[in-house]
Every structure is written in C-alpha cells, then in structure tokens.
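Reviewing the structure listed below.
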Amino acid sequence: MRCFLTILFLFVMCPSLIMCIGPLKKTEEPIDPGFCMNCHQGVTPGIFQSWAESKHAKKGVHCVSCHVDHQAASEQKSMVFPEKCGECHKKELADFRKSRHSIGFDRMRIQGEYLGIPQEIRAAFCERCHIIQKRCNSCHTSHKFSVKEARGPDACGSCHLGPDHPHKEMYETSLHGTIYKVTQDPERAPRCVTCHMPNGTHDSSFGIARGPAGTRTEVVDLKEVPISEEEVAKRRKEMIGVCSKCHSKRFAQEQLENADQVKEEGFQLLERGKEAILEIEKEGLIFPPVTERMPHPTEGRAMVLADPQLYIGTSHIERLFFTMFKFHNIRVWKSGYHFSPAYTHGQGWAEMQMDLIDIKEEAQKLRDLFKEMKK
Amino acid sequence: MRCFLTILFLFVMCPSLIMCIGPLKKTEEPIDPGFCMNCHQGVTPGIFQSWAESKHAKKGVHCVSCHVDHQAASEQKSMVFPEKCGECHKKELADFRKSRHSIGFDRMRIQGEYLGIPQEIRAAFCERCHIIQKRCNSCHTSHKFSVKEARGPDACGSCHLGPDHPHKEMYETSLHGTIYKVTQDPERAPRCVTCHMPNGTHDSSFGIARGPAGTRTEVVDLKEVPISEEEVAKRRKEMIGVCSKCHSKRFAQEQLENADQVKEEGFQLLERGKEAILEIEKEGLIFPPVTERMPHPTEGRAMVLADPQLYIGTSHIERLFFTMFKFHNIRVWKSGYHFSPAYTHGQGWAEMQMDLIDIKEEAQKLRDLFKEMKK
Amino acid sequence: MRCFLTILFLFVMCPSLIMCIGPLKKTEEPIDPGFCMNCHQGVTPGIFQSWAESKHAKKGVHCVSCHVDHQAASEQKSMVFPEKCGECHKKELADFRKSRHSIGFDRMRIQGEYLGIPQEIRAAFCERCHIIQKRCNSCHTSHKFSVKEARGPDACGSCHLGPDHPHKEMYETSLHGTIYKVTQDPERAPRCVTCHMPNGTHDSSFGIARGPAGTRTEVVDLKEVPISEEEVAKRRKEMIGVCSKCHSKRFAQEQLENADQVKEEGFQLLERGKEAILEIEKEGLIFPPVTERMPHPTEGRAMVLADPQLYIGTSHIERLFFTMFKFHNIRVWKSGYHFSPAYTHGQGWAEMQMDLIDIKEEAQKLRDLFKEMKK
C-alpha cells in the first residue's frame, strides 16, 4: 500500500507539486526543487514525509527556499538560522529577539557550569537546548514545523524540565496541567503559551519579570539591568489579565501574591544555609580549601554559593548547598507560581528544610573533628 | 469565526438559553441568570465557556443556583461547599461523608507538619489539596463539573502524587496504568475509581483498610478507632471482588497477600532504623538535643520517629529516618498494592536499605566522634 | 444498555461465534470452547471482553487453544509459555530467542541483587518484569494481545523505567519521545521499536552492542562472550541505517559518536570514585569491614564496587558509589544514546560529580577520624 502511494506520488503528485512550486522560486540561480526531492524521498523518507505534510509544502516553500542550495545543505552542521525564517516570518523574529530564548546560546557560553565540563560532551548536555537561539525548529520541529505541535506544552517541556528547572513537571502536576492533559482544550485550561506567549507573541517573557537563570531575587532585563518597580508592576498586571480570563482579578492577584511570599520564604531558608557555610569558611574548615582547588571558570579562586556555583570539585557542605539552591529552592518558588503543591512542598520546601539540617550538622561536625585534630 | 460565534450566542442562543433556564429558578427572590452571564461571558470567558458546555447548563443549573446571589459570589474566597452540591446530589454527598476526603481539611489542621510551616505559605502547600473536604470541584473541576474528567486517573493524581504518596506515579508505572493510558478504556484496565470508588460510590475508602496517612501498620476507621479483623477481612473480600472482574479470585488473593508481605518487610526495615536512632539518643548523642529545639507542634519536647515526625530542625540522623519512613517505606508498601515494581524496588526497598546503611554508620560515627571528644 | 448488549451477545452472537470457532479446533480431544466462555463472560468479564476484541477471537483462537484444557488453566500459576505462542508465531519466537529478553528470568536468578532479598518479596520486585522470558504477554498484554499496544513505547516502558534503567523517562524527555507523544505517528518520530525492533523483529538487540545489565564498558553477546570490533562496527552501521530514515548518515554518526564520548567520560568519573574507595579499604577504614558482613551472595567475602554490587549492609562510602554507578552513570551514558539532555546532565553527570565530591570527602573524614582514634 505504501509502495503504491510512493509510486502514485512519483508519477502523479510530485510533478504537479513541482509545477506548483516552480513559479515561487526566489533564489538567484533557479534551482529545480525536484532535484532534492527525487533523491531525498528515498534516502531520508522521514524528512520528506514531514515536509510533505507541512504548510510549507502547501505554500511552495521547499528545500532550497531555506537551505539555499544543495552544497550548503550538505555541509557539516548545515543549519537554518532564525534570520532565514524571519525573511518570511518577520513579526515572529522581531518578537523572538525580545525574548531570553534569543540569547540562550550566548549566555550559556559564558556560564561557569558550561565552561567547567569537557568540551566533547557539552554538545550532549547544554547545547542541545540552548541552541534555541539559533534554531526556530527547537519548538517548530523539523520538517513539519507544525504550529499545533509548537503550541503544545510538550514543545516547551522538551527543554524546561529536570531537577534544576522542572517547569514541565510543575505544570503537569498542577490543576492547570491536569485539566489540559485530560481535555487537550486550551480554552478549558492554560498551557505554557497561554500565559507566557499569549496571542502568538514570540517574546516568551510576556508578563514575567526576568531573573538570570531564576536564581536571584532581583529582577533584571535582557541586558541584566534591574527592572524598575513600575515595570514589574506593569508586567504583573499583564499576567493578571491572562489569569482573569478564567479567574476573578482578585483571586488571580491573591494567588500571585501568595507565590511572592512562597518565593520570599524559600530565599530566606537559602540565606540560613549560606550563613552556616560562610562561618565554616571563616574558621578555615572547608575541604578542599579554595586555594587548593581548580579555580572557578568565571569567579577564580573564590568560594561561590548560589549562582554561578558549580557542582564539581567542591566540599561536601558546599555540594549540599548546591542542591539546596539549584534544585530545591528553584522548585519552591517556581512551583509557587505554577501552582503545583507536590513540587512546592514535597520536592521543594521539605527538601530545603532537610538540606538545612544536613548543612548545619555538617558544619558542627567539621568543627568538632577539627578541634579534635588540633588537640 | 469566534467573534461570529459570540455574536450568534449573544443574539440567538443566549436569550433562548435564559428562557429555558427561567422557569427552573428556585431562589426566593427571582434572579435573572442572564444578569451574571451578560457580564461574565466577557470578563471571565473561560468560566462561562466551561459552564456552557456542562450538564448543569443543559439542565438549567446556573450561576445563582450554586452561588446564591451576586454579592455572595463576589465576596472574598466565596466558595460553594459540598452541602450546596448535596442539595441535588444527595447520595454522592452521603457517600462522600463516609470517606477520608470529607475530613481532609480538619485532619490537616491538627498535623504537626502543617502547624510547623509559616502561615502565609500553607495555602500554597497543604491547603491546595486538603481543601477537598470543602470543595467537590477538587475532582469535578469548575465550571464544567465533567463526570468524565472526575473519573479519570488524572483527577485523583492531581493530589495523590509526589514523594510521600506517589499513587499517581505508582499507578502510571504499573501494568494497570500502562494499559489504561494506551487504551483509555476502563473496561480494559482499571483506573483509580475502578478499585477505590466502584459503581460510582463517593466513599473512596471502599475495599481498603484505612490507616492514618498510611504510616502505621494498624488499621483504623474514620474516627481513628482500630477496625476488627472481621471488618478487615470483609474489605479484602470486597476488593477481590473488583479484581476478579479480570483475574481469578485465587490470583487476586495471592497478589494482595504478596503485597501484605511486602508491607510487613518494609515496616521491619523501618524498625531497624528506629532502633539504631533510639540507642544513640539514650547515649545522649543526638544534635541538637531535643531539649534545645523548638518543641514539636503536637508532641512537645520529644524525639518523634515516624508519623507525626517533622523534617524541620532535627538532627541529621533523624532526617535520614524521615526520608526512610515518609518517602521510601510508603513507596514500598503502597506500591506493593499498586503493582509497580519500579516503585516497590528501585524507589522504595533499595532506598530503604541504603537509608539503613547511612543511619547505622552515622550512629557509629556519632559514637566515635563523641568518644574522641570525651578523651 | 450494557445489559442489553450482554443478552444480545448470549443469544445471537455467542452461538454464531462458537460455530465459527468450532471447525478450527485443533486439540486432540475436541473441547467445546463455549464451555469456558459460558461461565467466564460472567465471572471474569474483563478477560472475556479483551479476548472478544482480539484478533485471536476473529481467527478462532480460543481459551483452550492456548490453555490446553480447563484443568490445566485453573491450576495454580497456570501460564502460557512462549513455546505455545510459537506454535503459530514461529518467526517471532525464533527472533525472541536471539534477544536478551529470552534469558531475562534465568539471568535474574543468578544475580546477587535477587539472591540478597527475601524470597517472599522477590515476586513483587524482580520477577514482575524478568518474567518476560516466560510470557509473551509481558508486552502483548492479555487477553487482547494487541499488536498496536505492544508496539507503543508504553509497553516497553512498563519495565524499562526507574532509577537504574530509566529508558522510558529518557525517551519521553528526548525530542524523539516528545514528538511521538504529540503526534502518535511513528512515521514522524521514532518509538522504542523503531530503533530496537525494526521491521517487526523480536530480537530486541538489533543494532546495539549488548553489555551485561549495561554496567560494563566491554561489549558481550548473549553468552557473555566479548563481541569482535567488526561485529560492533556492523551493528553501529545497522543502527545508523535506522537513523538515516530521517537524518543524514553523517549527522547520525556524529550523534552516536558523541554518545560514545559521553559514555567514556562517565566511566572515567566512575573510576575516580572507585579509586578513592579502594585506597580507603587498603587502609582498613571500611565499616563494617568485609570480614564482618554477610557474604555477597555470588562474590563471597569481598568488597564489590560496580556490578554486581549490592545496596544492602555495606558501608556508607560504598553506598555512595552504588548510587553513582547504578543510578547516575547509567543515566549519563544511556541518556547519551537516547538524546535526553535532562537525564544526561541534571540527573546524570551533575549527580556523578556530586557523588565524587561526597566520596572523596567521606574518605578523608574516615582517615581523620581514624587517626584521632589511634592517638
């Protein structure tokens, strides 16, 4: 049956498709789009099929429309950059450039965490997501570029997940995510884009106050410049505008203010953990001492607690703080705004309290052991 | 298109809907239901749309049927309580009152864990789920109140999840949950309500022997009174009645008895952890000592191991026991009854064995360190 | 309505079904298949219904075709073994016998981990999955035996999940799994069988180099005999053949070679953890000492690091290594090949680095404490 369809395609539909596409060619040297397809529907049928089902195919946007020519497309790591997509999708590109997505790769490359891991494996870790700066198909997956797929929570969740930013998990365990999962109806319950990219904007920072990797309490813009209180208030109002589609403004405001308090509480716990470690450092009880370690890629020979702290080669007590700040505190406060009690509490607040127990007792033991050794 | 539909609704369907609803009004002062709708379909279209798709809308149950009048509805934290729903849904309310769901909020308010966390953040944690005592729309989500949605495992899973009661995760990783996920057919595989709320009962404790928060081996009823062996046997028989729709009675009984044994093994491991800590306490090696801590909200200045143990301000060794009893043992035995090998083993039994290693070695180290310090 | 359908079935469809099945009976003593059904559609309606919807029912394969006779079927733990299924499904059985699935139960029974846990609970843990050696219905779930269900990623994921082999989680958090989840279209994105059981083969080891429980770097075959470099290269080529349906051969090769490097990095980290513990053991600082422990079920009185290490009754430092090798390293390298950055990094590499911090500091503390005690 599939064989038959392929034959049908080759002899009937393909030429007519090519005829349709023909007059739309915009490249300087006219390239026959059938050139790519004749071969690629055989050697990479998955790509071909996805494209054939795309709106691009219907509108005559074909291989060379984006990949320029066959040589360019077949070169190592040939990629189509947002600028290329923006030739047609102007507003989307302009919005995208306002978002943190558009600086994701550049910011990654100056992070200590990135610089601290072997070059050959960065590709499998960090770059697989941060490449979003250079690839519209991070969300609009190749070669169908389906708007429906890109709008679903799973598109966002392919990067926004895991121990240090479990947006996907928090959403899925909230009532919002639960109802959306069950109904698949964005009018019945919000998905990520409902609140963060309303009305199709590609500026994913709509209505939220940005923070660098979500680890500081201060609110900054794309250039890391603190945002004014007025600007923060304006964004809160924008977000409440989204909520109030289904909730009363009063209720929405209460919920977000409650999340503000949860955030504040989490950061207070974090400070208590930090204090305990700073005391121990003053007493010279950190092992290995900072002077005997590999220097931090961006901060040098300093003990770094919280962003941009690393999880490599530190002492045990700093490592305890790393999980406290990077995994547990982030769950507390981000989950506060995403309304997932399981993440706010069991995987967040309770873990932070237990981290604090461990950090404080570890500090005391380091003292006791040290005193003994000095005897 | 949507604009057109809205206009169509306003001019054609809305008046006819109101006419339909009109004669059903039962409030003492006749209120025009169109009063709410005229405004709310604009200001909170999500609520309006959900209601419009509900069986309530079809049957003429409108805003004021439940919210009494506009003033009551717009007051802070206006809620519709189960008693209101029970005016129509009598049997459901009666069943619900037999279930632990109906005491969820009251029981939460006397728990040490609740009392031990800041007031301003309890709302984001505990209350979001325990409110089920006061809200039928915990499961029958507003304002569609879909029976289909409430019967799905995701409705239950929006609260029954996370490290200390991962019912959702255990079910989803069992063969039962897997087949239901794939087929979405409750005749092919059970979902939560198949076993726990069969035949539409709203007494969610059907066929199971209740235990307070699942942390004791004893079996008690809603008033915390131990249940007789005969009653326990009767409930087991009821549950086997459910299983035997698809399995032989003999097979079902074997499986549940196997789960009984798994539960017993888990609690035995727990006791070994407890013993190691109690010895250390007798030797005066707990830090901080109980006398120097904030008292436990319900147990006072006592070391509490297992329910109602807290995760705040204890020693490291008690904290190790907290995760052993609250996270890992619960997974072992609850997963035993939910047939998820991943949770029973990898996330349960194996973790408990590792907790025991850590507790025992910690006890020994506290002893060694103490002996050194006394020298 | 259901009652009506049942009656309809009993009086109209059931006799005609039996008539259809009648002539197909192949058992030596002719058994009336209606004998089982008359009773079982009442006592186990779930089984009956699933079978009634199966291809088996349509083709006249009924209860006694597989269960031989009523007495055999009603005996304790009556099971239908792959050999029985293979009477009709010859190629599938032959393929299956080439796969590791076909030795899953036997291999489990000689594992220290299995031997080290109480007999009465092995059934709830290990056997529930490893029984795949003896049950085609591990994947083709009873009694519908749906090919569609067995081909879905959830069928594989009912066993291949959890802390020590999170294939399901890694797949679901990869772009492959994400697109499949959204589209449910195996032409759009691969599911497990696309790469591991292509073209319907039941040899699940297609295109991969087997390793015992995935814990050694060496590559061995079903008899644990190392595979030649040529054989490994041949399998890599086979796998790239699958990838290149959607990706260029060059891209596929790059990705798999990157995963090779990630794997190598993970195992290097593991060695550093092992070295630190072996030094401590030489210095006689392991508690409890190996000579005072229960012997390892297969290795005797020896310290075992990495496979077949146990998580029961060891020292804390060995326990730290257990989670490093069994949970975290496996995530690093398996996730490398499954393209899930969240598992490779946050739940893998970062955790391994933190394990290493903890192991090294623990080693140092054991030394310090020991020196004090010898003073």
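The values are calculated or read from the model by the stated rules, or taken from the named source; none is laboratory data. Note that this is a predicted model, so its numbers are computed, not measured. A quick note on method: Cβ atoms are made from the backbone with ideal geometry, for glycine too, and the neighbour counts reach across all protein chains shown. Quick note on the areas: whole protein, heavy atoms, side chains included, nothing else; ligands and nucleic acids left out. Shrake-Rupley method; radii C 1.70, N 1.55, O 1.52, S 1.80 Å.
Residues are listed down the side, and each one gets a yes or a no for (1) open to solvent by 30 Å² or more (accessible area, probe 1.4 Å); (2) assigned by TED's automatic domain parsing to the domain that holds residue C:303; (3) at pLDDT below 95:
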residue	(1), (2), (3)
C:114	no, no, yes
C:144	yes, no, yes
C:148	yes, no, yes
C:153	no, no, no
C:169	yes, no, no
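Taking the stretch C:284-375 and the helices (runs of 4 or more DSSP H) fully enclosed by it, the elements with 2 or more residues that are within 30 Å of residue B:375 (Cβ to Cβ) and more than 9 Å from every other protein chain (Cβ to nearest Cβ) are at C:350-374.
Regarding residue A:80, is this residue of a type in the set (Val, Ile, Thr), surrounded by 18 or more Cβ atoms within 10 Å (Cβ to Cβ) and in a helix (DSSP H, G or I)? So residue A:80 does not fit the description; no. When the residues of the stretch B:247-260 are filtered to those that are at the interface with another protein chain (Cβ under 8 Å from one of its Cβ atoms) and in contact (Cβ under 8 Å) with a residue 24 or more places away in the chain, which remaining residue is surrounded by the fewest Cβ atoms within 10 Å (Cβ to Cβ)? Restricting to residues being at the interface with another protein chain (Cβ under 8 Å from one of its Cβ atoms) and in contact (Cβ under 8 Å) with a residue 24 or more places away in the chain, the top hit is B:258. Residues that are aliphatic (A, V, I, L, M) and in contact (Cβ under 8 Å) with a residue 24 or more places away in the chain were ranked within the stretch B:34-51; the one that is nearest to residue B:81 (Cα to Cα) is B:47.
Here residue C:65 meets the list (1) part of a helix (DSSP H, G or I); (2) more than 27 Å from residue C:207 (Cα to Cα); (3) open to solvent by less than 30 Å² (accessible area, probe 1.4 Å) almost entirely, failing just condition (3). Once the stretch C:192-246 is narrowed to residues that are at pLDDT 85 or above and among the polar types (S, T, N, Q), the residue that is farthest from residue C:325 (Cα to Cα) is C:199.
Answer yes or no as to whether residue A:99 is closer than 27 Å to residue C:262 by Cβ and out of contact with any Lys or Arg (no Cβ under 8 Å at 6 or more places or on another chain). The answer is no for residue A:99.
Every residue, every condition in (1) crowded, with 23+ Cβ neighbours inside 10 Å; (2) modelled with pLDDT of 95 or more, yes or no:
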residue	(1), (2)
C:299	no, no
C:310	yes, no
C:321	yes, yes
C:332	yes, no
C:336	yes, no
C:344	yes, no
C:355	yes, yes
C:358	no, yes
C:363	no, yes
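State whether one or more residues within the stretch A:143-154 are in contact (Cβ under 8 Å) with a residue 60 or more places away in the chain, more than 28 Å from residue B:185 (Cα to Cα) and within 17 Å of the chain's Cα centre (by Cα). No, that holds for no residue.
Within the stretch B:155-185, being without any contact (Cβ under 8 Å) to a residue 24 or more places away in the chain and farther than 30 Å from residue B:322 by Cα holds for B:178, B:179, B:181, B:182, B:183, B:184, B:185. Screening the stretch B:116-126 for residues that are of a type outside the set (A, V, I, L, M, F, W, C) and crowded, with 17+ Cβ neighbours inside 10 Å and picking the one that is farthest from residue B:172 (Cα to Cα) gives B:116.
Summed over the stretch A:31-62, residues that are open to solvent by 60 Å² or more (accessible area, probe 1.4 Å), at pLDDT 75 or above and not basic (Lys, Arg) total 7. Close contacts from the stretch C:295-321, counting a first residue that is at positive phi and a second that is in a loop (DSSP other than H, G, I, E, B), with Cβ to Cβ under 9 Å and a gap of 6+ residues or different chains, come to C:306/C:215; C:306/C:216; C:313/C:116; C:313/C:288; C:313/C:293; C:313/C:294. When A:176, A:202 are checked against the criterion of being away from chain C (no Cβ under 14 Å), outside any loop (DSSP other than H, G, I, E, B) and touching a Phe, Trp or Tyr at 6+ places or on another chain (Cβ under 8 Å), A:176 stands alone in meeting it. Applying the condition of being farther than 21 Å from residue A:102 by Cβ and aliphatic (A, V, I, L, M) to the stretch A:171-209 and asking which residue is least open to solvent (accessible area, probe 1.4 Å) yields A:189. Among the residues of the stretch B:123-136, those identified as more than 10 Å from chain A (Cβ to nearest Cβ) and either among the aliphatic types (A, V, I, L, M) or in a helix (DSSP H, G or I) (or both) are B:131, B:132, B:133, B:134, B:136.
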